[in-house]
Amino acid sequence: MIITFFGHAKIYEREGISDKVEAEIKKHVLPKEKAIFYLGGYGDYDDVCLRAVTSLRKKGLTCEIVLVTPYLTLPDHIKEKLGLYDCSVYPPLEKVPLRFAISKRNEWMINESDLIIAYVKHTYGGAYTSIKYAERKGKIVINIAQ
């Protein structure tokens with residue numbers, strides 16, 4: 001099972017979010033099933049999800065943690081975190097203009113995923129656009145912010 005996370009870059013109330021992410025993962029990943037987690041690595045919600053997945057791995061979850069990057073050249077703040085991921089993937093975005101790279105990367109992540117666990121509190125922005133795209137594609141979307 002491939003699970004992708006989308007959420008706000010800034011989260012001001014982090015209390016309990018990691019627990020909710022862990023609970024949703026436990027609910028949807030079968031025992032002994034290998035899960036693959038796609039993370040964008042850029043915002044607060046990505047950091048929360050990375051911590052949740054790492055915590056579950058320490059408790060015995062078999063998984064692969066993948067950074068999906070929209071750019072061939074990574075910014076320094078992402079390079080610093082590379083050791084926290086098992087690998088990084090650059091989707092086929094070579095011909096995409098840079099200003100559309102993140103949204104096209106998000107679409108690729110959604111198309112590859114079985115489940116989306118989101119944290120979206122308002123009806124604008126990239127995370128909101130991504131979950132709406134996922135819903136149109138018939139993906140299971142769980143918004144833990146609701």
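The values are calculated or read from the model by the stated rules, or taken from the named source; none is laboratory data. All values reported here derive from a predicted model rather than from experimental measurement. Glycine gets a Cβ as well: all are built from the backbone with ideal geometry, and neighbour counts include every protein chain shown. Note: areas computed on protein heavy atoms with side chains; ligands, DNA, RNA excluded. Shrake-Rupley method; radii C 1.70, N 1.55, O 1.52, S 1.80 Å.
Quick notes
- Scanning the stretch 122-146 for residues that are open to solvent by less than 60 Å² (accessible area, probe 1.4 Å), out of contact with any helix residue (DSSP H, G or I) (no Cβ under 6 Å at 6 or more places or on another chain) and hydrophobic (A, V, I, L, M, F, W, C), we see that the one that is modelled with the highest pLDDT is I131.
- Qualifying residue in the stretch 91-110 (condition: part of a helix (DSSP H, G or I), at pLDDT 95 or above and touching a Lys or Arg at 6+ places or on another chain (Cβ under 7 Å)): yes
- Residue check, A101 among the small types (G, A, S) and closer than 25 Å to D19 by Cβ: no
- Number of residues in the stretch 28-49 that are closer than 14 Å to H8 by Cα and touching a strand residue (DSSP E or B) at 6+ places or on another chain (Cβ under 8 Å): the value is 9.
- Considered as a group, the residues in the stretch 84-135 that are among the charged types (D, E, K, R) and in contact (Cβ under 8 Å) with a residue 60 or more places away in the chain include one that is farthest from I3 (Cα to Cα), and that residue is K121.
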